[in-house]
Amino acid sequence: GDSVTQMEGPVTLSEEAFLTINCTYTATGYPSLFWYVQYPGEGLQLLLKATKADDKGSNKGFEATYRKETTSFHLEKGSVQVSDSAVYFCALSETGGDTGNQFYFGTGTSLTVIP
Amino acid sequence: IAGITQAPTSQILAAGRRMTLRCTQDMRHNAMYWYRQDLGLGLRLIHYSNTAGTTGKGEVPDGYSVSRANTDDFPLTLASAVPSQTSVYFCASSETLTGVFGYTFGSGTRLTVV
């Protein structure tokens with residue numbers, strides 16, 4: 001079945017460091033891929049998405065490229081800020097089946113950025 | 001502001017009691033979902049509804065029930081709460097069945113069963 005695997009956390013970085021959070025997926029069809037961010041005490045918010053191979057999603061300085069050949073969607077940011085401290089979830093969405101728009105989430109990666 | 005409203009934001013509940021978590025959206029999304037979030041397990045789907053009048057079971061449905069009488073509301077009921085249902089519960093919705101636009105999430109209900 002479909003699944004998402006993302007790197008274990010927690011991740012601690014100094015401000016202005018480079019961030020990579022790895023995400024790989026398994027899917028039977030042609031899924032859409034997403035990164036969600038959850039700030040402390042809040043729900044998940046869509047950070048960026050890509051709907052087909054080689055698409056690059058970007059938002060707030062974060063980027064991720066849909067790589068079909070490596071089934072990956074790694075999240076990157078060139079210079080993190082303290083305000084980026086949050087939990088990041090990789091997810092995929094497949095259509096079809098009796099659940100329609102079924103999402104599969106990774107387990108989340110906690111990021112702490114220290115000044 | 002368009003979005004999802006969940007209530008209550010937090011609750012401490014005695015084991016064996018019945019509890020309904022409320023979820024209302026004002027975006028006219030067809031599909032709605034309930035997830036629970038537990039440390040180390042990420043988000044797990046409890047129940048979903050593709051459209052008003054229909055519901056389905058997710059990954060962890062036991063001990064929970066849902067109804068979808070109209071487009072906007074999707075309540076989650078715990079008939080007889082147990083401590084293992086201590087969790088943070090998130091309601092979500094999506095515009096279409098294609099998945100292209102992703103999900104919109106509520107801000108969650110933190111439930112503690114004692």
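What follows draws every value from the coordinates through simple rules; no lab data is involved. Treat the numbers as computed from the prediction; the structure is a model and nothing was measured. Quick reminder, even Gly has a Cβ in these numbers, built from the backbone with ideal geometry, and neighbours come from all protein chains shown.
Expressed as cubic angstrom per residue, what is the convex hull volume of the alpha carbon set of the stretch B:29-107?
With only Cα atoms used, the stretch B:29-107 gives 94 Å³ per residue.
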With +1 at each Lys and Arg Cβ and -1 at each Asp and Glu Cβ, the charge dipole magnitude of chain B around its Cα centre, to the nearest 20 debye, comes out at 240
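For A:Phe18, B:Phe74, A:Phe105, which order do you get if you count the other beta carbons within 10 Å of each Cβ and list the fewest first?
Numbers: A:Phe18 10, B:Phe74 29, A:Phe105 23.
The fewest-first ordering by Cβ neighbours comes to A:Phe18, A:Phe105, B:Phe74.
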Karplus-derived 3J(HN,Hα), 6.51/-1.76/1.60, for each residue of the stretch A:65-78, Hz, glycine and proline x = 10, 6, 10, 6, 5, 10, 6, 10, 8, 6, 8, 9, 8, x
For the protein assembly as shown, compute the number of Lys pairs whose alpha carbons are separated by less than 25 Å, excluding pairs fewer than 8 positions apart on the same chain.
-> 11
Farthest positive-ward along the stretch A:1-83 dipole, Cα basis, beta-carbon charges - from A:Leu33, A:Leu75, A:Ala17 | A:Leu33
Semi-axis lengths (Å, descending) of the ellipsoid that matches the C-alpha gyration tensor of the stretch A:57-98 = 25, 14, 8
State the answer as a single residue: which of A:Leu111, A:Leu44, B:Ile12 lies farthest towards the positive end of the charge dipole of the protein assembly as shown, with beta carbon charges of +1 for Lys and Arg and -1 for Asp and Glu, about the Cα centre.
-> B:Ile12
What list of ³J(HN,Hα) couplings, whole Hz, do you get for the stretch A:84-92 from phi and the Karplus terms 6.51, -1.76, 1.60, once you set θ to phi - 60° and write x for glycine and proline?
-> 7, 4, 5, 9, 10, 10, 8, 8, 10
What list of ³J(HN,Hα) couplings, whole Hz, do you get for the stretch A:25-34 from phi and the Karplus terms 6.51, -1.76, 1.60, once you set θ to phi - 60° and write x for glycine and proline?
-> 9, 10, 8, 8, x, 10, x, 8, 10, 9
Cα extents of the protein assembly as shown along the three principal axes, largest first (Å) | 48, 39, 34
Can you tell me the Rg and the Dmax, both Å, for the Cα atoms in the stretch A:22-106?
-> 13.1, 42
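When the dipole is taken about the Cα centre of the stretch A:18-115, and only Lys, Arg (+1) and Asp, Glu (-1) are charged at their Cβ, what size is it in debye, to the nearest 20? Please report the intermediate quantities before stating the final value.
Values: 7 positive and 9 negative charges, 30 e Å.
Charge dipole, the stretch A:18-115, about its Cα centre: 140 debye, nearest 20.
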